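Computed from the coordinates by the stated procedures, all read-outs in this text should not be read as laboratory data. Nothing here was measured: the structure is a model prediction, and the numbers come from that model. Every residue, glycine as well, gets a Cβ built from its backbone with ideal geometry; the counts of neighbours run over all protein chains shown.
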Amino acid sequence: MSRLVRNFFQVPSNSSDREWFETLLTGDRVRIERIISTGQTTPAGEWYDQETDEWVMLVQGEAELTYADGSVVKLTSGDYIFIPAGDRHRVTYTSSNLPCLWLAVHGNLTLETFSTS
């Protein structure tokens with residue numbers, strides 16, 4: 001059994017020149033990835049329109065998602081969101097002074113809710 005220890009917060013030294021997508025784990029119809037953004041956004045006129053559901057947490061930084069219906073969601077460190085397959089969206093802001101570190105899970109997912117009572 002292999003035991004690989006890595007640090008989620010360690011970013012490549014040249015991470016500011018492009019957005020990084022790193023697959024951490026894959027399984028039966030699921031993929032977990034780390035995304036590093038440093039001011040990058042979705043190019044104008046382009047949309048993410050994914051075939052699978054996505055659960056994404058912004059572990060560090062600040063970001064903003066804009067949906068095709070015009071709604072905007074602002075995210076800060078610790079916020080997470082469920083994006084169903086086919087829900088067209090764009091990343092319209094990511095902080096550049098503090099890299100955005102995203103943890104994304106892609107697959108055929110089921111949204112569970114919980115109460116904080």
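Using packing as a proxy for protection, rank 32-38, 64-70, 51-57, 21-27 so that the peptide with the highest average count of other Cβ atoms within 10 Å comes first. It would help to have the intermediate numbers written out before the result.
On the way: 32-38: 19.1, 64-70: 13.3, 51-57: 16.3, 21-27: 10.9.
Put in order of decreasing packing, that is 32-38, 51-57, 64-70, 21-27.
PRE reach from R29 (point 7 Å along Cα→Cβ): which of segment 68-88 fall under 17 Å by backbone N?
Hits in segment 68-88 for R29 at 17 Å: 84-86.
Under a Cβ-Cβ cut-off of 14 Å, what is the net charge of the residues other than E22 that fall near it, where Lys and Arg count +1 and Asp and Glu count -1?
+2
Report the rotationally averaged projected area of segment 1-50 based on its alpha-carbon convex hull, in square nanometres.
Working: hull surface 21.2 nm².
Mean projected area for segment 1-50: 5.3 nm², to one decimal.
Considering the convex hull of the alpha carbon atoms of segment 61-116, report its projected area averaged over all viewing directions, in nm², one decimal.
4.8
Of the labelled options [x] 39, 15, 8; [y] 21, 20, 15; [z] 51, 10, 9, which one gives semi-axes √(5λ) of the Cα gyration tensor in Å as computed for this structure?
Step by step, semi-axes √(5λ) of the Cα gyration tensor in Å for this structure corresponds to label [y].
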